[in-house]
1. I'd like to check something: does region 257-272 contain any residue that is under 16 Å from residue 144 (Cα atoms), in contact (Cβ under 8 Å) with a residue 24 or more places away in the chain, part of a helix (DSSP H, G or I) and in contact with a Cys (Cβ under 7 Å, 6 or more places away or on another chain)?
2. Can you find a residue in region 223-244 that is crowded, with 20+ Cβ neighbours inside 10 Å, small (Gly, Ala, Ser) and in contact with an Asp or Glu (Cβ under 6 Å, 6 or more places away or on another chain)?
3. Kindly indicate which of 75, 8, 51 is under 24 Å from residue 152 (Cβ atoms) and surrounded by fewer than 18 Cβ atoms within 10 Å (Cβ to Cβ).
4. Go through region 87-141 and report how many residues are touching a Leu at 6+ places or on another chain (Cβ under 9 Å), of a type in the set (Asp, Glu) and over 26 Å from residue 238 (Cα atoms).
5. Considering only region 193-236, state which residues are of a type in the set (S, T, N, Q) and out of contact with any Leu (no Cβ under 7 Å at 6 or more places or on another chain).
6. Return yes or no: is residue 67 within 21 Å of the chain's Cα centre (by Cα), among the aliphatic types (A, V, I, L, M) and under 16 Å from residue 145 (Cα atoms)?
7. Could you check, for region 235-255, whether at least one of its residues is under 30 Å from residue 21 (Cα atoms) and without any contact (Cβ under 8 Å) to a residue 24 or more places away in the chain?
Amino acid sequence: MGDVAWIAVDWGTSHLRAWLMARDGSILDRRSSDDGMGGLARDGFEPALCALVGAALPAPVLACGMVGSRQGWAAAPYAAVPCAPPTIHAAVAVRDADVRILPGVKQDSPADVMRGEETQIAGFLARNPGFDGVICLPGTHTKWAHVSAGEIVSFRTAMTGEMFALLSGHSVLRHSMGQGWDADAFATGVDQTLSRPESLAASLFSLRAEGLLADLPGDAARARLSGLLIGAELAAMRPYWLGQAVALVGAEALSAAYATALKAQGVPTQMADAEDMTLAGLTAAYAQLQGEAA
């Protein structure tokens, strides 16, 4: 493992992901485990990292995500908007380990926080210098960030992904869900709550009723549920996407659903992969570290 120059780490609540990086910026190996922050005590982080990449240590480690939360390995205080995505200069060093943790970003009013997404934003801006508009990061907790002149000006979070998981898997609607997709049903759901967001609660139960009374197919029910939730989110986030250039940074399938919903409103989008942008953001931070050492 002597070719490993440094290790990039994305440490979330549920998963730990690491990339072993060569000096020329190429990826030597990708590794992951289920040792997320949520299942570790403070003294469990170093053993979890060693179990995943031990042979590559003591190469320096640069990490982002929930590893820097209050419950993480070391607390990395939030940077406050408006601000550029946090750089290596704001990273917190872990005592007795060559590990640096990038901080998240906070907004006081309306209250909001992010950890990990700021590194994806940094990666997107590194790949797209001069971008001015909105970066949407679909996921469990979808972020909408207004970016201008290289800074995060403001942002909002919607719990759409978590709501979909709860409703489709743990509510009465679980009996109506299929596993496939129906594009027309998705579009119907988006249109319904984007134009009438106050109808969301009643529209959700209609999915169950239509399944019982009209044999609504499970795939259509699942797609319409997604559309209802994303439509309500778009209604709430209208100031972010209306008249703006929008970039979507996330998993391909979920980003494509947001792109479809926004296209119906006449909003063009560009897409980027979340993992690629995370690594690009960590790589940009590591380049700063190398600049300090030069």
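1. Taking every residue of region 257-272 in turn, at least one turns out to be under 16 Å from residue 144 (Cα atoms), in contact (Cβ under 8 Å) with a residue 24 or more places away in the chain, part of a helix (DSSP H, G or I) and in contact with a Cys (Cβ under 7 Å, 6 or more places away or on another chain).
2. Yes.
3. 75
4. 1
5. Quick first cut of region 193-236, residues of a type in the set (S, T, N, Q) only: 193, 195, 199, 203, 206, 226.
Once the filter is applied, which keeps residues that are of a type in the set (S, T, N, Q) and out of contact with any Leu (no Cβ under 7 Å at 6 or more places or on another chain), region 193-236 yields 195, 199, 206, 226.
6. no
7. Within region 235-255, one or more residues are under 30 Å from residue 21 (Cα atoms) and without any contact (Cβ under 8 Å) to a residue 24 or more places away in the chain.
No lab work stands behind these numbers, since they all come straight from the coordinates. Since this is a predicted model, take the numbers as computed values, not measurements. Using ideal geometry, Cβ is built from the backbone for each residue, glycine included, and neighbour counts are taken over all protein chains shown.
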